[in-house]
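A short write-up of the structure that comes next.
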Amino acid sequence: MTDQPADGQRPSNLFYLASLRRPLVDRADGIYIWDQTGRRFIDGSSGAMVVNIGHGNRTVIEAMKRQMDRVTFAYRLHFENEPAEELARQLAAHMPEGLDRMFFVSGGSEAVESCIKLARQWAVATNQPQRWKVVTRFPSYHGGTIGSLSVTGDDALVESFRPLLRAMPTVPAPVTWRDRDNFSPEERGVRYADMLEERILEEGPETVLAFIMEPIGGAATAALVAPDSYYSRIREICDRFGVLLIHDEVMSGAGRSGRFLGGDHWDCLPDIVAMSKGIGSGYAPLGAMAASSRLVQPLLDAGGFQHGHTYAGNPLACAAGLAVLGEMDRLHLIDNAAAMGDALMGELLELRKRFPFIADVRGKGLLIGAEMVADPETLAPIEPGKKAYQRLLDHAYARGLIIYARRVKGGLDGDNFIVAPPMVVTREQVDEIVSILGDSLEALARDLDL
Ligand code: PLP
């Protein structure tokens, strides 16, 4: 999603989003990653909020080696496998009660596709075939496949594919920090949630299948957190109209927020959850969908879930996921994410005092985002041509720190960044990150006269 700093030009047969070339990676350990020239970087965004348990975990690597020595692939229509069975059991034990049926895939987009397909098949199996619309938030990011893109609230990403996909109805993301009104945060939370009700009524409640949202925002909204009242009201509205609530926890899940799921911070149980990134932690491509038996059983009774990918429930990927979960528990990484997240949040709030162009800092645990503006009074955005987010990335990168930064277009218009180091980060390392980030923000302020 994000342009990363250029580092020389090499011819290549690969192609990516941007024509910028990156250095060749060499090795990684804990929160650090080295390129082939021997330069060390702090992986302050865990890649793209992926490597939750940190790089180079020996226990995970050894578990994967043991699995590789036994079997790396067995097709799910021929064999079941123990790592997948055990991972499903252990993931269910980490999830809120009721979300106990698992389906494995290889990434976040596949997990979101699975949620949409499960919801739709549930509607068909329960005699509600007229329900097909999945309401989503604007802006939002839910993946790059055609189905997951159809629920992605980002015009720039969707535009060229419109004839192939059916754009779904949207409601505004709860960007309450921008609101200049006399309402309390809790009142604002309810007002944003009520926009879902209005949308469902406009669309025709009998046609609405589901609402998809990230409990803690990711790529599109930089760790956006709504007031508490938002979450319970959303659940209430979904219940009232028989609309399924899908939580996309691809980025916010797997412990990063200081709880196993981002949604665990609120009293709002989803019907279906998409997960990826942190559950494989970069050791293997792994994604998962969790749902309640209430949803899954009617489909199974009607002949089964019509969905699946060749690598679904792959034994090697699941063995990695199992070891990742084991390490998360053994090293108490979720507690550490909560404690280090508090420390990091405190430090970023200090940076905000030093740099008033940082208009908002928010997030949970080690998923913390910040918004940068040209004018903290009016919240006017920095001109896009100034590429503030890219400059900040470059300044940090030049100082050996990798963060995640983007400019959001459409409605919200703004430069934001996310700091999300691996959950093994120590207090000293938090200070190191904040010190480099402070220097980088200072350089940015000088560049743009902020
Ligand atoms: N959903 C969310 C919230 C994400 O952040 C992402 C990726 O950034 C995806 C879905 C798509 O995941 P993937 O890139 O693994 O397909």
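The values are calculated or read from the model by the stated rules, or taken from the named source; none is laboratory data. Nothing here was measured: the structure is a model prediction, and the numbers come from that model. A quick note on method: Cβ atoms are made from the backbone with ideal geometry, for glycine too, and the neighbour counts reach across all protein chains shown.
Side notes on the structure shown:
- Of A220, A226, A173, all but one fail to be over 28 Å from E97 (Cα atoms) and surrounded by 19 or more Cβ atoms within 10 Å (Cβ to Cβ); the exception is A220.
- Filter result (within 15 Å of A223 (Cβ to Cβ) and more than 13 Å from the ligand (Cβ to nearest atom)) within region 40-51: G44
- Any hit, region 163-170, residues being away from the ligand (no atom under 16 Å from the Cβ), farther than 17 Å from I237 by Cα and touching a residue at least 60 places away in the same chain (Cβ under 8 Å): no
- Any hit, region 234-243, residues being closer than 23 Å to G369 by Cβ and either hydroxyl-bearing (S, T, Y) or modelled with pLDDT of 95 or more (or both): yes
- If you go through region 122-142 and pick out every residue that is more than 16 Å from the ligand (Cβ to nearest atom) and in a loop (DSSP other than H, G, I, E, B), you end up with 7.
Per-residue answers, yes or no, for (1) at pLDDT 95 or above; (2) more than 30 Å from G321 (Cα to Cα):
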site: A84; (1), (2): yes, no
site: Q90; (1), (2): yes, no
site: G143; (1), (2): yes, no
site: A156; (1), (2): no, yes
site: P169; (1), (2): yes, yes
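- Filter result for the condition that a residue is away from the ligand (no atom under 13 Å from the Cβ), under 17 Å from H307 (Cβ atoms), within 24 Å of the chain's Cα centre (by Cα) and part of a helix (DSSP H, G or I), over A156, A111, A193, A119: A119
- Among the criteria (1) over 25 Å from L333 (Cβ atoms); (2) in contact with a Pro (Cβ under 8 Å, 6 or more places away or on another chain); (3) crowded, with 19+ Cβ neighbours inside 10 Å, the one E113 does not fulfil is (2).
- Residue in region 196-212 that is surrounded by 15 or more Cβ atoms within 10 Å (Cβ to Cβ), small (G, A, S) and within 16 Å of the ligand (Cβ to nearest atom) present: yes
- Pair list, Cβ under 6 Å, 6 or more apart: region 124-147 residue closer than 27 Å to N416 by Cα, other residue within 14 Å of the ligand (Cβ to nearest atom) and among the charged types (D, E, K, R): P139/D154; H142/D248; T145/E113; G147/E113
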